[in-house]
There are 2 protein chains.
Amino acid sequence: MSSPVCIVGGTGALGFGLALRLGRSGVAVVIGSRDPGRAQQAADRLRERVPEGTFSGAGNPEAVAEAELVILSVPFRSQSETLTNLKQALRPDQLVIDATVPLAAAVSGKATRTLGVWQGSAAQQAQEMVPDGVSVVSAFHTVSAALLTDLDHDLDEDVLVCGDRRADKTRVIELVDRIGGLRAVDCGPLEMARIVEALTPLLISINVRNKVRAGIKITGLTE
Amino acid sequence: MSSPVCIVGGTGALGFGLALRLGRSGVAVVIGSRDPGRAQQAADRLRERVPEGTFSGAGNPEAVAEAELVILSVPFRSQSETLTNLKQALRPDQLVIDATVPLAAAVSGKATRTLGVWQGSAAQQAQEMVPDGVSVVSAFHTVSAALLTDLDHDLDEDVLVCGDRRADKTRVIELVDRIGGLRAVDCGPLEMARIVEALTPLLISINVRNKVRAGIKITGLTE
């Protein structure tokens with residue numbers, strides 16, 4: 001992978017965990033944050049955990065400028081504002097991997113419930129908001145941030161990938177497959193994100209009941 | 001299990017597959033259908049496949065009368081009408097296990113899309129329609145009818161169970177666990193059926209792309 005992967009919201013739990021795992025897999029990671037200082041602090045913490053990794057941090061527009069793949073891992077509350085602020089920074093050759101989950105917690109509701117998004121899903125909202133030519137693929141909703149962050153934990157679960165163009169999904173699937181223990185599963189067009197985004201509150205409900213960090217595996221696929 | 005399990009819609013693919021597996025597990029099954037003759041024919045076919053099983057067939061109201069547990073496995077198109085017709089037959093001590101999926105195919109849409117149900121989910125519609133005192137638990141949405149019917153196939157997947165009362169879910173979990181290779185996972189209250197019912201179109205989308213019979217397994221739970 002020539003250019004680094006940018007993680008917008010890489011100071012948050014999921015983004016940080018993905019950065020750790022990607023960095024350990026030899027992928028250079030640029031952490032993006034509204035606050036460049038916080039992004040750099042996150043990069044420092046990543047370097048402590050994975051000394052062999054290549055990490056940097058910058059404000060969101062600068063971080064995005066360096067990357068072909070941009071993972072958007074922000075609370076749903078901030079997704080729209082973040083994308084508005086990135087309108088000038090995103091270029092037509094870039095691919096946004098949206099991991100946003102419209103949890104009702106965004107409006108002080110329950111984390112086991114979702115909000116209805118006018119476009120159908122957070123990923124489809126992202127697709128509507130990015131500049132022309134920028135593609136959006138949806139992924140990483142079902143992987144526990146805590147398990148990603150625990151580098152001693154051997155992952156063994158699937159990442160459900162939704163997107164409208166096969167070539168875009170192939171790029172995302174290749175990225176996912178670099179992380180040991182994760183398998184990417186093509187779930188169809190971006191509209192299927194309506195369903196996949198709802199798996200996060202389902203897993204939260206299972207977690208609460210069973211005191212676990214649940215994930216998803218699709219059965220019946222040949223390895 | 002003292003009384004038989006009734007499967008309303010047991011002449012359909014999912015209901016028939018569940019009947020096969022339950023019958024083979026030593027659970028007596030009564031097939032319900034609008035047409036008593038078709039129910040009896042289904043029972044005959046079940047007996048051919050599983051000679052050691054106990055199968056009978058009857059019109060829906062008569063079939064329901066014999067059972068404590070009633071599995072509702074009908075197309076979404078027929079769910080409301082079926083429950084209306086069962087209003088006089090269902091008794092307060094009975095538990096309805098709803099397996100209905102509101103696929104858009106019910107209104108000539110795609111099987112990878114769902115309909116919005118006013119009550120939130122087909123299971124919640126069922127809960128609204130059953131007589132007072134009858135409980136509804138949601139289950140069996142993610143198990144392939146074809147794999148259930150193929151008795152040479154070793155199942156190895158989860159059944160996601162949603163319901164408002166723990167005691168009801170325990171009864172359903174015990175039933176699921178009688179079928180070898182299926183593990184029941186408590187997903188929380190009945191409202192979570194909104195999410196679980198949408199897993200059927202997700203799996204259909206995965207099936208189409210990969211030419212498989214996909215199912216779901218929750219990772220991170222201790223066996």
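The values are calculated or read from the model by the stated rules, or taken from the named source; none is laboratory data. As the structure is a computational prediction, the values presented were derived from the model and not from experiment. Quick reminder, even Gly has a Cβ in these numbers, built from the backbone with ideal geometry, and neighbours come from all protein chains shown. Areas reflect the complete protein model, heavy atoms only, side chains present, ligands, DNA and RNA absent. Shrake-Rupley method; radii C 1.70, N 1.55, O 1.52, S 1.80 Å.
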Starting from one equal scatterer on each C-alpha and no solvent at all, send me the Debye-based log10 I(q)/I(0) for the range B:1-65 at q = 0.22, 0.29 Å⁻¹, two decimals. -0.73, -1.26
Residue mean of other protein chain beta carbons inside 10 Å, B:187-194: 4
In square nanometres and to one decimal, what's the mean projected area of the convex hull around the Cα atoms of the protein assembly as shown? 20.9 nm²
Expressed in nanometres to one decimal, the distance between label points 7 Å along Cα→Cβ at B:R209 and B:A104 is 1.7 nm
Choose one answer from A:S144, A:S205, A:S73: the residue with the largest mean-square fluctuation in a GNM of chain A with alpha-carbon springs under 10 Å. A:S205
Could you list the chymotrypsin sites (Phe, Trp or Tyr not before Pro) in the range B:46-126 that lie in coil according to DSSP, counting only those with at most 10 other Cβ atoms within 10 Å of their Cβ? B:W118
Comparing A:I31, A:I173, A:I195, which has the greatest mean-square fluctuation in the GNM of chain A with Cα pairs linked when under 10 Å apart? A:I195
Ranked by GNM mean-square fluctuation in chain B (Cα springs under 10 Å), the top entry among B:A126, B:A105, B:A63 is B:A105
Heavy-atom accessible area per residue - chain A, 1.4 Å, Å²: 41 Å²
If you bin the C-alpha pair distances of the range B:125-217 every 10 Å from 0, what whole percents do you get? 16, 44, 30, 9, 0
Could you tell me, in Å, what Rg and Dmax come out for the Cα atoms of the range A:58-187? 14.8, 41
Report, in debye and to the nearest 20, how large the dipole of chain A comes out about its Cα centre when Lys and Arg carry +1 and Asp and Glu carry -1 on their Cβ. 620 debye
Give me a single rounded figure for B:107-118: the average over its residues of other chain Cβ atoms within 10 Å of their Cβ. 1
Output needed for chain B: three equivalent-ellipsoid semi-axes, defined as square roots of 5 times the C-alpha gyration tensor eigenvalues, in descending order, whole Å. 23, 21, 18
Chain B, relative contact order [Cα under 8 Å, separation at least 6], %: 18 percent
Charge tally for neighbours of B:P102 with beta carbon under 15 Å away, counting Lys, Arg as +1 and Asp, Glu as -1, is 0
In Å², nearest 100, what accessible area do chains B and A bury in total when the solvent probe is 1.4 Å? 2500 Å²
Leaving out ligands, DNA and RNA, what percent of the accessible area of chain B is carbon and sulfur, probe 1.4 Å? 48 percent
Value of Rg/Rh across the range B:51-127 [Cα atoms, Kirkwood radius]: 1.03
